[in-house]
Amino acid sequence: MAIITTVGLDLAKRYFQVHGADKQGKVVLKKKLSRAEVLSFFVNLPPCLVGMEACGGSHYWAREIGKSGHTVRQISPQFVKPYVKSNKNDANDAEAICEAVSRPSMRFVTTKSIEQQDIQALHRIRDRLVGNRTALANQTQGLLLELGVTMPQGIRHLRTMLPIVIEDLDNNQTLLEKDYLSDLYSELVELDEKVAAYDAKLAAICKQSAECMRLLKVPGIGPLSATAIVAVVGQAKEFKNGREFSAWLGLVPRQNSSGGKTKLQGISKRGDIYLRTLLIHGARAVAYRCSSRTDARSEWLRAVCDRRGMNRAIVARANKTARIVWAVLAKGEAYKEAA
């Protein structure tokens with residue numbers, strides 16, 4: 001029997017499809033495995049190259065299968081799709097993965113450690129809580145408007161003014177209205193406390209990480225951004241330069257060039273939306289504080305703002321921040337302020 005050198009593994013919840021090929025690319029194995037059979041199958045298989053799509057649970061399986069001596073590579077689903085022949089099914093997907101993982105120019109997703117996934121889980125939960133808090137604030141503002149009560153925009157005004165509205169005896173509110181407004185305020189306070197608790201957890205993790213502490217020196221990077229970056233990209237060594245990292249985040253122009261004529265459009269907005277949002281918010285904080293400063297970074301940012309407007313200047317600053325972040329992580333050096 002021919003020796004299997006490359007395996008394509010199509011992940012699922014219950015049944016996994018395996019496609020094996022030898023070094024000439026000839027099909028050697030097609031097999032359907034239950035979830036309980038996957039690890040025992042790879043333990044008994046000689047070390048080979050295993051490919052899988054980067055999806056839910058893929059980092060776990062990449063770590064576990066890698067313990068058996070296999071070289072595991074994760075591929076973004078968009079790079080697997082062109083290799084799917086005919087109709088889509090599990091067997092064809094596994095064959096496409098096996099073909100894609102053997103391509104020398106293929107781009108792979110770095111497998112996250114358990115620690116990285118834990119940090120990312122904290123960010124995902126915190127982000128959901130913030131979204132719930134925003135939805136709660138919007139609903140409360142709408143209900144108050146129906147009662148003839150208006151407030152300035154911003155959740156901070158709701159925190160301070162809602163108790164005053166509830167305790168006001170001269171606003172002709174019924175007992176039922178005061179009751180549900182009190183419940184909404186209690187829920188808002190509870191969400192604030194939960195968000196603050198996750199902020200404290202992430203701040204503590206940031207202090208314990210050498211990479212995060214180096215990133216904190218970069219203007220526009222705080223504990224939230226630093227821990228999110230380390231959770232997603234680790235040491236960022238899978239990117240060959242800062243421009244590639246920035247392009248992965250979607251902070252570079254989208255191209256539509258042909259016939260030697262270059263046409264650049266808006267930023268591509270590819271990659272991790274959450275991480276890109278944090279970098280842009282950090283760049284906005286830097287931009288708002290550059291008007292009174294005379295350093296090279298502030299002067300450059302003001303010049304871009306004058307030429308292209310504030311929003312484009314903020315994105316340009318986020319692009320520059322992403323490149324600095326790559327240099328700090330990949331080279332293991334501390335950030336040095338430009339003269």
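The values are calculated or read from the model by the stated rules, or taken from the named source; none is laboratory data. Here the structure is a predicted model, which is why all the values come from computation and not from measurement. In this analysis, Cβ positions are derived from the backbone assuming ideal geometry, glycine residues included, and neighbour counts consider all displayed protein chains.
Scan Ala226, Ala204, Ala210 and give me the residue that is among the aliphatic types (A, V, I, L, M) and under 30 Å from Met106 (Cα atoms).
Checking each option against the conditions leaves just Ala226.
Give the residues of region 81-105 that are in a helix (DSSP H, G or I), without any contact (Cβ under 8 Å) to a residue 40 or more places away in the chain and closer than 20 Å to Thr5 by Cα, sorted by residue number.
Tyr83, Asn92
Being within 16 Å of Trp248 (Cβ to Cβ) and surrounded by 19 or more Cβ atoms within 10 Å (Cβ to Cβ) is the filter here; which residues of region 289-323 pass it?
Within region 289-323, Val315, Ala318, Asn319, Lys320, Thr321, Ala322 meet the criteria.
Return the residues of region 253-292 that are over 17 Å from the mean Cα position of the chain (by Cα) and part of a loop (DSSP other than H, G, I, E, B); say none if nothing qualifies.
Asn256, Ser257, Gly259, Gly260, Thr262, Lys263, Arg289, Cys290, Ser291, Ser292
Just give me the residues in region 81-110 being among the aromatic types (Phe, Trp, Tyr) and within 26 Å of the chain's Cα centre (by Cα), in sequence order.
Passing the criteria: only Phe108.
Is it true that Val218 is touching a Phe, Trp or Tyr at 6+ places or on another chain (Cβ under 8 Å), surrounded by 16 or more Cβ atoms within 10 Å (Cβ to Cβ) and either under 30 Å from Glu337 (Cα atoms) or at pLDDT below 95 (or both)?
yes
Can we say Ser68 is among the hydroxyl-bearing types (Ser, Thr, Tyr) and either under 24 Å from the mean Cα position of the chain (by Cα) or surrounded by 15 or more Cβ atoms within 10 Å (Cβ to Cβ) (or both)?
In short, yes.
Given (1) within 30 Å of Ala322 (Cα to Cα); (2) in a helix (DSSP H, G or I), identify the lone condition not met by Leu181.
Going through the list (1) within 30 Å of Ala322 (Cα to Cα); (2) in a helix (DSSP H, G or I), Leu181 breaks only (1).
Taking the options Glu167, Glu177, name whichever one is acidic (Asp, Glu), surrounded by 16 or more Cβ atoms within 10 Å (Cβ to Cβ) and over 31 Å from the mean Cα position of the chain (by Cα).
Matching residue, one of Glu167, Glu177: Glu177.
Tell me the residue from Leu176, Leu181, Leu215 that is in contact (Cβ under 8 Å) with a residue 40 or more places away in the chain and assigned by TED's automatic domain parsing to the domain that holds Val130, please.
Sole residue among the options that is in contact (Cβ under 8 Å) with a residue 40 or more places away in the chain and assigned by TED's automatic domain parsing to the domain that holds Val130: Leu181.
Restricting region 235-252 to residues that are out of contact with any helix residue (DSSP H, G or I) (no Cβ under 6 Å at 6 or more places or on another chain) and assigned to a loop (DSSP other than H, G, I, E, B), which is modelled with the lowest pLDDT?
Glu238
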